[in-house]
Structure formats: C-alpha cells, structure tokens
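Accompanying notes for the structure given below.
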Amino acid sequence: MKVKTLAIAMMALSLFACKKQEPKKTEAAVLSLRIDDAQLRAIEAQITDGTTTTITENVKVILNNGAGRTYTLTPDQIAAAKTLPDGCKFEVTDAVTAVTLIANAEVKDDTSITTWQGKGAVFQTAIPLTATTTDITSTTSNGKITYKADLTPKPAFARLEVFGKIEPKANDNGKKAFESIEVKEVYINNYLDTRKAAKRYFTDHNASLDGFETATTTNSKPLKPQMKDVVTDKAAFESGAKAAAYQLFPKKDGESATVSDHVILKLGIKYSTDAKANGFPDGEQIRYVTIKKFKTGARPSGKLDPNLPALKFSVGTIYKLNLNGLNDHFKTKEDGTPDPNNPDTTEPESKGKKELQLIVRPCRWTAQNILPQL
C-alpha cells in the first residue's frame, strides 16, 4: 500500500540527442539532437522548487511513424548531447516526414496503468515522455540535407493526488451529527487499465461483504491492489503533506461526457451525542463515499459552479483533490442526526444515492519546445 507525498509539478524540457550511423551511399542527410535534463518541480514534496527529472536512459528517436529507422541513444551519447553547445549530429538514411521521441520509458497499447503506481522517488527519473511531429522543414547545403522539427514532449499520464480532512459543519442550531470522519483508505475505480482499453476497469460493490465484489462477473472485476491506498499517516494525509497519488490514462476520444474515473473513500465515522441519542450507533462505523464526477476551477462560496468545464484527466496535468470539499456535503438535520441525502453509504459504488461531484485543482506540467535538427 502506498501514501504519496504531495506536490505541484512543472517540467522544463528541451531535447537534442545523438547517435552515429553507417555512412550513406547516396545523398547525405543529417540529424542533430541535443538533450537538456528535464526539470519536474515538486512531484512528491509539496511546493518544493528545483526537483529535477533527468533523462538518463531509454531514449529513442523514431522516424516516419515507424516506417523509417529507429535510433537508440546510449548513456554516453545522451551525456554528450546534453553537454555540447550544438548537440550531436548523425547521418540518417531516410527522407524525414515525421519524428517521434520517446524518453525514459515507453508506454504501449498493452501497458497496464497499474505498473505506473507507487513509483515514489524514481518517478522523477522514470516518467515516460513522448512527442511526435510531422511539421518538418529542410535545408540543403553542400549537397547535404538537414531536417528540422519542433517537438513538445508530454508525459503519458495524468496524475491525481487525494488528500485532506473532512470536517462537517454544524447546522443553524449549532448541532453536528458527526464527532469525527476519518479517511481510512482511498481507491480508484472505473479507470482505463490500458490506454486503448475497450472497456473501463470496474469493481462493483457487494452488499453481503459491505465492500467490493471479489469475483469476476460480466460487469465487474476484482479490485487491483495497486489502485488502493491505506492512509497510514493520518496527520500527513489530512494536512496535505502526503497524498494518495495515482497515474491515470486520459479519457479516450469518443467516450461519453458522463464517463470518468471514480474516487472511492473508505471512511471511519463516529456519530455525535445528539445522533446517538436518536438511535445512531456508538463506536466507529465504516462507510464509503463514491465520487464519480469532477470539475476544475474555483469554489465560489463553497458551492459548485455548474458551468465549469468537465474533467478529462489530460496528460501532463496533476489534479489536486482536497477532501475538505466534502465538508458541505455532510449535513446535519435539525434534530442533530445526519441528513439522509449525505453521500456516505454502506458499500462503495452504491446505486440510488445522489451523484457527488467535487472540484479539483489542476497543476500543469509545462515543457519547452524540443528542436531537433534532422
């Protein structure tokens, strides 16, 4: 299980790299590529400037959408490309019409998102980056063609960080139905396991278990442990020093506007004296909250703006979900008991409850243009 340290992230990235090829027998063409280390600010530590993501290995340059040659850079070549003022140049055998750059790792159509959970510190060096362009220009000098392209690399994922403390407010009579609400566990559900998956990975509830279904059915698969966090450091989680963090594939083109990843909270709720006097149980009660929709933007007066844009979990963006946004959703009736329309249920993914939508704060990775010369 994992609890991730929180952060705001930015990357400044400019890339040029090199590798020599066998001499051409016909007209010469040249690739010049230079690499600067990417900077990824505050991936894990909250608002820490200067955290660096270095490009150290697994750098490939692919020409013409795979129809041309692929050039793999060695660590020495990467280091040379990062230190030489003009980068390195190498001959190519193809007339270049498209350039793809892959750095650090490659995400393929069969790559499961679960393999990119819980990376911790290595996330700063292992995050996959990729870029493709068909905007190619060329110049000819002394019989040699130089191809040039601008590339803007992006991470392969979005990142969601969940943290904070739920503190219900008293009603107008000063009564509050809850003594405390503690987040015990965080789950991601209804997500894309692979980036082009035909169907989202969904785990249904099981009323007899008061939790998740464990069997495989037509519409449900067992919960994957990589998509679950146990909140072992309550103080750090509630203060925002640490977060339950997940990498997510973005929504596919053509998916319904109503489809999104789900965040599920397992709560330990203790009811107030007023609530217990009206029949609510003593001791900690396990309840669940399922969040199926998200919006980005400010929270005017604690209320949701229905005109905010829908969330698609865009690549290269970190989304911050502060659970204090749930404070207004845990309401107390006049007699001091919980409002029956509150979002907590006995099982996750329960049907028939009101739909809960929260605001998240996006923090975007930014990347400088890449200017390889081909």
Net charge contributed by nearby residues that have their C-beta within less than 14 Å of A197 (K/R +1, D/E -1): +3
Trypsin sites (Lys or Arg not before Pro) restricted to DSSP loop in segment 158-259 with at most 15 other C-beta within 10 Å: K169, K196, K199, K252
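Please compute, over every Cα-Cα pair in segment 107-261, the percentage with a separation greater than 27 angstrom. Write out the running numbers ahead of the final one.
Numbers: 5505 of 11935 pairs.
Here the tail beyond 27 Å accounts for 46 percent of pairs.
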Theoretical FRET efficiency, 1/(1+(r/R0)^6), r = Cβ-Cβ of D339 and S208, R0 30 Å, to 0.05: 0.65
Residue pairs, from the table K184/K331; K196/K221; K169/K224; K196/K351, whose Cα atoms sit over 25 Å apart: K169/K224; K196/K351
Dimensionless Rg/Rh of segment 159-363 - Kirkwood Rh, Rg from C-alpha atoms: 0.96
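Multiplying the sequence separation of D109 and K184 by 0.36 nm and subtracting their Cα-Cα distance, what value in nm do you get? Write down the numbers at each step before the final one.
Details: separation 75, 0.36 × 75 = 27.00 nm, distance 3.35 nm.
Contour length minus the Cα-Cα distance gives 23.6 nm.
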Projected label distance in nm at A197 and A277, using a 7 Å step from Cα toward the beta-carbon: 4.9
Fully extended contour minus Cα-Cα distance, from A241 to T140, at 0.36 nm per residue: 30.9 nm
Gain on full stretching of the segment that runs from K60 to E284 - 0.36 nm per residue minus C-alpha separation: 75.3 nm
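Each reported figure results from applying straightforward, stated rules to the coordinates on display, with no laboratory input. None of the values given here were measured: they were computed from a predicted structure. We place every Cβ from the backbone using ideal geometry, glycine too, and count neighbours over all the protein chains shown.
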